[in-house]
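Visitor: Got a structure for you, questions after.
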Amino acid sequence: MSRSCDICGKGVQYGNKVSKSFNHTKRTWRPNLMTVKTDLGNGEVRTLKICTRCFKSDFIVKKVRVPKTPVEAK
């Protein structure tokens with residue numbers, strides 16, 4: 001399972017956590033990913049992992065389930 005955005009490619013970054021006494025320990029920064037079903041435009045629906053910045057920037061069209069219309073009671 002990848003930890004990267006399917007649109008912009010943002011992924012995990014590595015670095016050091018620095019304490020007050022200047023001790024360094026390894027740590028990771030993970031991107032804020034969402035799993036979203038999207039309509040690709042040609043009728044194909046695909047599930048993508050995208051970061052929240054791409055989601056807010058309207059790079060995709062979210063696939064929304066349309067509820068069925070209720071049948072009128074006779």
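The values are calculated or read from the model by the stated rules, or taken from the named source; none is laboratory data. A quick note: this is a predicted structure, and the numbers were derived from the prediction, not measured. Here Cβ is always computed from backbone atoms with ideal geometry, including for glycine, and neighbour counts include all displayed protein chains. All accessible areas refer to the heavy atoms of the entire protein, side chains included, with ligands and DNA or RNA removed. Shrake-Rupley method; radii C 1.70, N 1.55, O 1.52, S 1.80 Å.
Visitor: List the residue pairs whose Cβ atoms are under 8 Å apart, where the first residue sits in segment 1-18 and is of a type in the set (Gly, Ala, Ser), the second is open to solvent by 100 Å² or more (accessible area, probe 1.4 Å) and part of a loop (DSSP other than H, G, I, E, B), and the two are 6 or more positions apart or on different chains.
Guide: As it stands, the answer is Gly11/Arg3, since those pairs meet every condition given.
Visitor: What's the total number of residues in segment 10-27 that are surrounded by fewer than 10 Cβ atoms within 10 Å (Cβ to Cβ), in a loop (DSSP other than H, G, I, E, B) and not hydroxyl-bearing (Ser, Thr, Tyr)?
Guide: 3
Visitor: Then there's this: Just wondering, is there one or more residues in segment 28-46 that are touching a His at 6+ places or on another chain (Cβ under 9 Å), of a type in the set (D, E, K, R) and open to solvent by 60 Å² or more (accessible area, probe 1.4 Å)? Please lay out each step first, then the result.
Guide: Pass one, segment 28-46, residues touching a His at 6+ places or on another chain (Cβ under 9 Å): none.
Scanning segment 28-46 turns up no residue that is touching a His at 6+ places or on another chain (Cβ under 9 Å), of a type in the set (D, E, K, R) and open to solvent by 60 Å² or more (accessible area, probe 1.4 Å).
Visitor: Out of the residues in segment 1-35 that are of a type in the set (Ser, Thr, Tyr) and over 11 Å from the mean Cα position of the chain (by Cα), state the one that is farthest from Phe59 (Cα to Cα).
Guide: From segment 1-35, those of a type in the set (Ser, Thr, Tyr) are 2, 4, 14, 19, 21, 25, 28, 35; that's our starting set.
Going one step further and asking which of them are over 11 Å from the mean Cα position of the chain (by Cα), we end up with 2, 14, 19, 21, 25, 28.
Details: Ser2: 20, Tyr14: 27, Ser19: 38, Ser21: 43, Thr25: 36, Thr28: 27 Å.
Among them, the one singled out is Ser21.
Visitor: Can you tell me which residues in segment 47-72 are more than 15 Å from the chain's Cα centre (by Cα), aliphatic (A, V, I, L, M) and open to solvent by less than 100 Å² (accessible area, probe 1.4 Å)?
Guide: Listed by number, the list holds a single entry, Val64.
Visitor: Across segment 35-60, which residue is farthest from Cys5 (Cα to Cα) among those that are touching a Ser or Thr at 6+ places or on another chain (Cβ under 6 Å) and of a type in the set (A, V, I, L, M, F, W, C)?
Guide: Ile60
Visitor: Kindly indicate whether Arg3 is part of a loop (DSSP other than H, G, I, E, B) and open to solvent by 80 Å² or more (accessible area, probe 1.4 Å).
Guide: Values: part of a loop (DSSP other than H, G, I, E, B): yes; open to solvent by 80 Å² or more (accessible area, probe 1.4 Å): yes.
Judged against the criteria, Arg3 is a match.
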